[in-house]
1. Select from the stretch 221-253 the residues that are under 17 Å from Asp291 (Cα atoms), out of contact with any Leu (no Cβ under 8 Å at 6 or more places or on another chain) and not basic (Lys, Arg) and list them in ascending order.
2. Among the residues of the stretch 269-305, write down those that are assigned to a loop (DSSP other than H, G, I, E, B), farther than 30 Å from Gln163 by Cα and not aliphatic (A, V, I, L, M).
3. Return the residue satisfying two criteria in turn: it lies in the stretch 349-368 and is crowded, with 16+ Cβ neighbours inside 10 Å and of a type outside the set (A, V, I, L, M, F, W, C), and of such residues it is nearest to Arg211 (Cα to Cα).
4. Would the stretch 309-320 turn up any residue that is polar (S, T, N, Q), assigned to a helix (DSSP H, G or I) and either under 23 Å from Asp187 (Cβ atoms) or touching a helix residue (DSSP H, G or I) at 6+ places or on another chain (Cβ under 9 Å) (or both)?
5. Quickly run through the stretch 207-222 and pick out the residues that are hydrophobic (A, V, I, L, M, F, W, C) and surrounded by fewer than 17 Cβ atoms within 10 Å (Cβ to Cβ).
6. Does the stretch 186-205 contain any residue that is under 23 Å from Ala345 (Cα atoms) and of a type in the set (Gly, Ala, Ser)?
7. Quick check: anything in the stretch 251-260 closer than 22 Å to Glu368 by Cβ, modelled with pLDDT of 95 or more and in a helix (DSSP H, G or I)?
8. Residues in the stretch 235-244: is at least one closer than 22 Å to Asp328 by Cα and more than 20 Å from the chain's Cα centre (by Cα)?
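The values are calculated or read from the model by the stated rules, or taken from the named source; none is laboratory data. Bear in mind that the values here come from a model prediction, so they are computed numbers and not experimental data. Here the Cβ positions follow ideal geometry from the backbone for every residue, glycine too, while neighbour counts run over all protein chains shown.
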Amino acid sequence: MGDTMRILQVIPVFSSLFGGPVGVVKSISKELARKHDVTIFTTSAINQYHDNQSIVKEEQRDGYRICFFPRVLRFTGFNISPTMTKAVKDTIADYDVVHLHSWRHYQDLIVRKYARRYSVPFLIQPHGSIPFIISKQCLKLIYDAILGSKVLRDAAKVIALSQGEAKDVKRKGVPDERIAIVPNGIDLSEFHRLPRKGKFRKRFEIAREKRIVLYLGRIHQTKGIDLLVRAYAKLRRLPKSAETLLVIAGPDEGYLYKVESLVNSLGVSESVLTTGFISHEEKLSAFVDADVFVTPSFYGFPVTFLEACSIGVPIITTELGDALEWIDGNVGFVTPPSPQKLAKAIHTIITDVRLRKRFSRNGRTIVETEFSIESVVNKLEKIYEEVAT
């Protein structure tokens, strides 16, 4: 690669409670910092409603600098921070490129404004948030028409995670030459020393003979968890499936009460475990002990898929949301979004040892060859250099 660049990454929040994009920014910033000067601008939000500070704070982590700016208001996803606005205005001209990890956020607007003023190229990476998914559809439509289209128009490149997301971006009027497909990646060094097998079972008192069907992610309406619960109730009635446990792990985003109500109504409460938010170490332990990882619906490119593959856990998803072409028949299954079909796919994996081992081997291989953080960052570096020249 070429000379050292000054790179600004901008993301609205940087707490692990907010899911995948936070981990992505951590990983790519750590890898970029091996050769470049990397800074992250974010807010001090620790969850949807609370901040952990009222003043600007700076930290050094893994070779990069991170600046936390207090927010004064959160409105429909907008984390408004006047101190961040001032910092962007005062310093954006010092950077060679700005990489925005958001869509329909306050940060997009201030970066666009000052990047244009000082002729600094910026990239925008929506992380699966382009489609109108369930909530606030009217507001999103208005935002896209008035403001969002301008952000996309002025971005030097729009980073899509997959062919499917690239199509979503193109439908917003972005031409092919300004769309780049860069998948998520993971730092494989984090998986060299995994928790010992059985640690998650011991932590949550799960019997050794239980096969674990794992969902791990935000407890949100868009994730299709209701479909998984209905499929699990059908799975319990299939041969050799009585000794299974459905584990639903992750922070509640207002949907847990509906999940628990469905679990109770279907009579499977004694074989469903909800853990709430779990730490990174506990997440790895859950993957180590899981027999299959199920995410019924997703948008973008979940890092949890790569984490599961790196540990050798087969994946099942459905056609309900986005699609990743490398999953079906290779590292797991993609099924129609019906409880019967999903239950059959889970049953096939947990009862077929040879198939589970094949999916496990394939998962490890594909992560090592295609989705390592090194290969992903190499692609990003080439894009940065292209737009910065």
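1. Leu235, Leu238, Pro239, Ala242, Glu243, listed by residue number.
2. Once the filter is applied, which keeps residues that are assigned to a loop (DSSP other than H, G, I, E, B), farther than 30 Å from Gln163 by Cα and not aliphatic (A, V, I, L, M), the stretch 269-305 yields Phe277, Ser279.
3. Quick first cut of the stretch 349-368, residues crowded, with 16+ Cβ neighbours inside 10 Å only: 349-350, 356, 359-360, 362-364, 366-367.
Filter once more, so that each one left must be of a type outside the set (A, V, I, L, M, F, W, C): 356, 360, 362-364.
Working: Arg356: 13, Ser360: 16, Asn362: 21, Gly363: 20, Arg364: 21 Å.
That would be Arg356.
4. Checking the stretch 309-320: at least one residue is polar (S, T, N, Q), assigned to a helix (DSSP H, G or I) and either under 23 Å from Asp187 (Cβ atoms) or touching a helix residue (DSSP H, G or I) at 6+ places or on another chain (Cβ under 9 Å) (or both).
5. Taking the stretch 207-222 as the starting set, the residues that turn out to be hydrophobic (A, V, I, L, M, F, W, C) are 207, 212-214, 216, 219.
Scanning the stretch 207-222 gives a single hit, Ala207.
6. No; the residues of the stretch 186-205 include none that is under 23 Å from Ala345 (Cα atoms) and of a type in the set (Gly, Ala, Ser).
7. As a first pass, look at the stretch 251-260 and keep what is closer than 22 Å to Glu368 by Cβ: none.
Within the stretch 251-260, not a single residue is closer than 22 Å to Glu368 by Cβ, modelled with pLDDT of 95 or more and in a helix (DSSP H, G or I).
8. Within the stretch 235-244, one or more residues are closer than 22 Å to Asp328 by Cα and more than 20 Å from the chain's Cα centre (by Cα).
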